[in-house]
1. Assuming 0.36 nm per residue, please report the length gained on full extension of the stretch K7 to N185 beyond their Cα-Cα distance.
2. Counting other C-beta atoms within 10 Å, and keeping those with at most 15, which DSSP coil trypsin sites (Lys or Arg not before Pro) do you find in the range 110-158?
3. Would you mind classifying the chain by shape? Square roots of the alpha carbon gyration tensor eigenvalues, ordered a ≥ b ≥ c; an a/c under 1.5 is rounded, otherwise it is prolate if a/b is larger than b/c and oblate if not.
4. Per residue, how much accessible surface does the range 48-153 expose to a 1.4 Å probe? Answer in Å², no decimals.
5. Rounded, prolate or oblate: which fits the range 22-134 when a ≥ b ≥ c are the square roots of the eigenvalues of the alpha-carbon gyration tensor, with rounded for a/c under 1.5 and prolate only if a/b beats b/c?
6. Given a 1.4 angstrom probe, I'd like the percentage of the accessible area of the range 416-533 that is carbon and sulfur, rounded to a whole number.
7. At what distance in nm do the modelled label points of S89 and R517 sit from each other, each positioned 7 Å from its Cα along Cα→Cβ?
8. Not counting the cut sites, what is the longest span of the chain without GluC sites (Glu not before Pro) that DSSP labels loop and that have at most 13 other Cβ atoms within 10 Å?
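The values are calculated or read from the model by the stated rules, or taken from the named source; none is laboratory data. Remember, it's a predicted structure, so these values are computed and weren't measured experimentally. Cβ coordinates were reconstructed from backbone atoms using ideal geometry, including for glycine residues, and neighbour counts include every protein chain displayed. Surface accessibility is based on the protein's heavy atoms, side chains included, excluding ligands, DNA and RNA. Shrake-Rupley method; radii C 1.70, N 1.55, O 1.52, S 1.80 Å.
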Amino acid sequence: MNFEAKKIAVDNALPLLNTKARLQIDSIGIHTEVDTEVKIEGQLSEKIPRVDVHFKTVPFEYNLPVGTLRNVKTDGNYTNQGDTSRVPSVYNARLTAPNVTGQFETIPFNFALTINNFRNPMAIFDGTIQADSTNLNSLFDPARYRFKNGKAKIDFHFNGSLKAFYNPKSDQFNGKLWGKASLQNISMDYLPRQVHLKKIAGEFVFNEKALVIPKLSLSDGQNMLFINGKVVDLIPYLFGSPKPLRAAVNVNIPSWKLNWLETLLAPRAQVVNKRKKKLKLSDLLDNAIDNIEITAKLNSNQLKYKNFQATKVKGEFTVKDNSMRIEYFLMNAFKGGQLRISGEMNNSGANQLPHVVVKGKITNADVQTVFYSFENFGQKTITDQNLKGKLNTDFSFETRLNNNVRIVPSSMKGLLNINLTDGYINNFEPFLKMKRLVFKRRNFESVQFAPIKNTFKLSGEEIEIAPMEIESNVITLFIDGIYSFGKKTDINIQIPLSNLKRRDSTYVLDPNNPEKREGSKIFLRAIDENGEVNIKLAFRKKKDKNKEKER
């Protein structure tokens with residue numbers, strides 16, 4: 001028997017079918033009108049006859065968990081005897097549609113479709129999606145994403161369950177997915193974090209378990225980045241998997257002008273979703289960006305951040321939820337020195353201001369360059385204009401930062417162990433003031449030091465200086481007390497009277513001489529007075545109130 005129907009609604013045609021076929025086709029959820037040509041061949045008996053249908057749809061919409069397929073059109077064939085070696089049945093049903101076209105929201109696609117077994121429909125998709133900046137902007141929330149130019153293409157293959165791509169109970173993707181994607185010269189802005197990227201180009205390959213990045217290049221406006229790596233469980237995550245979303249990447253930045261700290265530590269911009277009901281994909285990507293954990297290994301030939309410069313930079317760090325954990329960064333810096341740091345920067349929103357914890361080690365560094373690189377650590381008393389020498393130090397430091405990546409002084413804590421050799425201090429104002437009180441004929445303008453080793457404890461704006469000897473070609477001092485970035489500097493200075501002995505260009509530095517620690521001394525105090533450190537005579541050393549309490 002042969003018959004045909006023009007523009008018959010699928011919902012009206014389903015009651016004509018047997019219960020099993022009707023329920024399975026209805027469960028797919030396609031509601032449109034079709035032109036059909038039907039051929040039924042069999043005997044009037046309890047055996048199921050063979051049914052062949054050729055169909056052609058009018059444009060229709062189909063809802064997916066991540067968005068809507070629009071203006072979908074296709075023609076194809078249905079049979080209940082896909083395998084001619086088996087009898088006709090719902091289990092042996094097959095639908096083929098070699099050319100399905102339409103738009104995923106606004107992005108054009110075309111694919112070939114085969115569905116087998118209408119009791120538990122299994123589908124095979126082979127298709128292509130192509131996009132440019134125009135239809136990408138229509139797809140994504142303009143308050144969060146902005147595309148300016150470029151093209152993207154995705155080729156994909158899927159073989160699995162049609163009704164349930166992802167099984168939340170087993171946390172498994174119901175089928176096999178693989179494909180590849182290419183990006184060409186895309187520019188985009190991610191507005192919530194003020195990230196502006198351009199020249200995005202690269203290739204991806206993916207399956208249901210991972211997305212692999214063989215090569216990706218992009219510019220952040222000042223740097224070219226070359227990336228390869230892998231994102232694990234992205235597809236299941238987009239469908240609701242509870243597994244954490246993780247990425248491991250290698251990043252190469254030939255010449256790196258570090259401009260990410262301000263972005264990482266800036267407050268998150270609040271955006272209003274103007275088309276919330278239509279932007280499922282935007283919501284999914286935002287959620288993925290906020291929750292992905294990225295572990296990156298980084299290499300750069302040279303690095304610059306404000307005054308700081310380094311070469312041969314290597315590091316490994318993890319970024320998640322607007323925070324960064326640094327496993328290590330190793331680099332050459334400070335004119336022949338080396339810097340190694342680890343720590344973390346937390347701007348997750350749990351605290352009002354970003355929190356930074358750093359441990360590190362500096363070896364064989366030019367101390368003048370160290371001070372210059374770190375902008376004299378936010379103080380003006382002793383600067384890169386005063387210091388020379390080789391510095392070795394290990395340190396621990398924590399602080400809060402404002403969103404301009406400036407230290408909040410009251411939040412600082414730290415411990416610093418230094419070893420300064422071949423040290424000179426030139427035109428140091430406190431020494432010049434000391435010269436007005438004692439040894440007025442000595443060259444305090446340029447002072448050479450014996451090696452200095454000591455520990456400094458930082459708490460808020462105050463540095464606690466443990467008792468230390470400063471042996472120089474001009475004078476021998478013993479100092480301790482508090483140096484303050486604020487207005488609480490109070491340092492004890494002891495000058496042994498043995499300094500009265502003549503010191504000229506022939507003087508040999510003589511550190512740790514017990515004779516200098518004994519005997520009579522002149523006592524001075526360096527005290528902050530209205531924001532300026534002045535040195536005054538004292539009749540005796542100021543007592544340490546904390547030690548007095550301990551007694």
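1. On the way: separation 178, 0.36 × 178 = 64.08 nm, distance 4.39 nm.
Extra length available between K7 and N185 comes to 59.7 nm.
2. Working: sites: R119, R144, R146, K148, K151, K153; in loops: R119, R144.
Passing both the DSSP loop test and the Cβ count: R119.
3. Numbers: a/c = 4.12, a/b = 3.90, b/c = 1.06.
Prolate shape, in that a/c is at least 1.5 and a/b is the bigger ratio.
4. Values: 4880 Å² over 106 residues.
That works out to 46 Å² for each residue.
5. Numbers: a/c = 2.43, a/b = 2.25, b/c = 1.08.
Prolate, since a/c reaches 1.5 and a/b exceeds b/c.
6. Details: 3080 of 6230 Å².
Carbon and sulfur: 49 percent of the exposed surface of the range 416-533.
7. Label-label distance for S89 and R517, simple model: 9.8 nm.
8. 47-444
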